[in-house]
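Down below is the structure, laid out as structure tokens.
The values are calculated or read from the model by the stated rules, or taken from the named source; none is laboratory data. Everything numeric in this text was worked out from a predicted model, so none of it was measured. Cβ atoms come from the backbone with ideal geometry, glycine included; neighbour counts cover every protein chain shown. When the accessible area is computed, the model is the full protein with side chains, heavy atoms only, and any ligands, DNA or RNA have been set aside. Shrake-Rupley method; radii C 1.70, N 1.55, O 1.52, S 1.80 Å.
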Amino acid sequence: VEPSGSLDSAAHAPGAFEHFTALSGGFEVASGNSVQMLKAGETARYPADVPHRITNTAKRPAKGLLVVLYR
């Protein structure tokens, strides 16, 4: 993800959940009213059946791993 780049997602199917692991630092994950800052190696787990966003807040490109679970 380029600096200041983000993945903005509309709500997925009811019960959907995401796990995002920052492979490099500088990510902000927002889901509903919750916001989490991630360092390299940290994982955010959050509802994906509401609007959500993953943003690179670092000054260089960043990498992460995203898993989407549908129930």
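Using only the heavy atoms of the protein chains and a 1.4 Å probe, how would R53, R60 rank by accessible area, largest first? Show your work: numbers first, answer last.
On the way: R53 85, R60 165 Å².
If we order R53, R60 from most to least accessible, we get R60, R53.
Top to bottom by accessible area (1.4 Å), largest first, where do Y46, Y70 land? Write out the running numbers ahead of the final one.
Details: Y46 5, Y70 145 Å².
I get Y70, Y46, largest accessible area first.
In nm, to one decimal, how far is the modelled label at L65 from the one at F17, with both set 7 Å along Cα→Cβ?
Taking the simple label geometry, L65 and F17 are separated by 1.8 nm.
Projecting each Cα onto the charge dipole of the chain (Lys/Arg +1, Asp/Glu -1 at the beta carbon, about the Cα centre), which of A30, H19, A40 comes out farthest on the positive side?
A40
Pop out the carbon and sulfur fraction of the accessible area of the chain as a percent, whole number, probe 1.4 Å.
Values: 2440 of 4350 Å².
That fraction is 56 percent.
Hey, with R₀ at 22 Å, roughly what FRET efficiency would A10 and E42 work out to, going by the Cβ-Cβ distance, to 0.05? Spell out each step's value before the answer.
Working: r = 25 Å, r/R0 = 1.13.
E(calc), rounded to 0.05, equals 0.30.
Over the chain, what is the relative contact order in whole percent, taking alpha-carbon pairs under 8 Å and six or more residues apart?
Working: 183 pairs, mean separation 33.8, N = 71.
Over the chain, the number comes to 48 percent.
With Cβ to Cβ distances under 13 Å as the rule, what net charge do the other residues near S24 carry (K, R +1; D, E -1)? Walk me through the numbers before you get to the answer.
Details: positive: K39, K59, R60, K63; negative: E2, E42.
Surrounding charge for S24 is +2.
Using modelled backbone amide H atoms (1.01 Å from N, in-plane), which distant-in-sequence or interchain residues come within less than 5 Å of A58's amide H?
S4
Please list H19, H52 from largest to smallest accessible area, probe radius 1.4 Å, with all protein chains kept in place. If you can, show how the numbers build up before the last one.
Working: H19 50, H52 10 Å².
The residues order as H19, H52, largest area first.
Give me the accessible area of K39, 1.4 Å probe, in Å² rounded to the nearest 10.
K39 exposes around 140 Å² with every protein chain in place.
With every protein chain present, what is the per residue accessible area of the chain (1.4 Å probe, Å²)? Each step should come with its number before you reach the end.
On the way: 4350 Å² over 71 residues.
Value for the chain: 61 Å² per residue.
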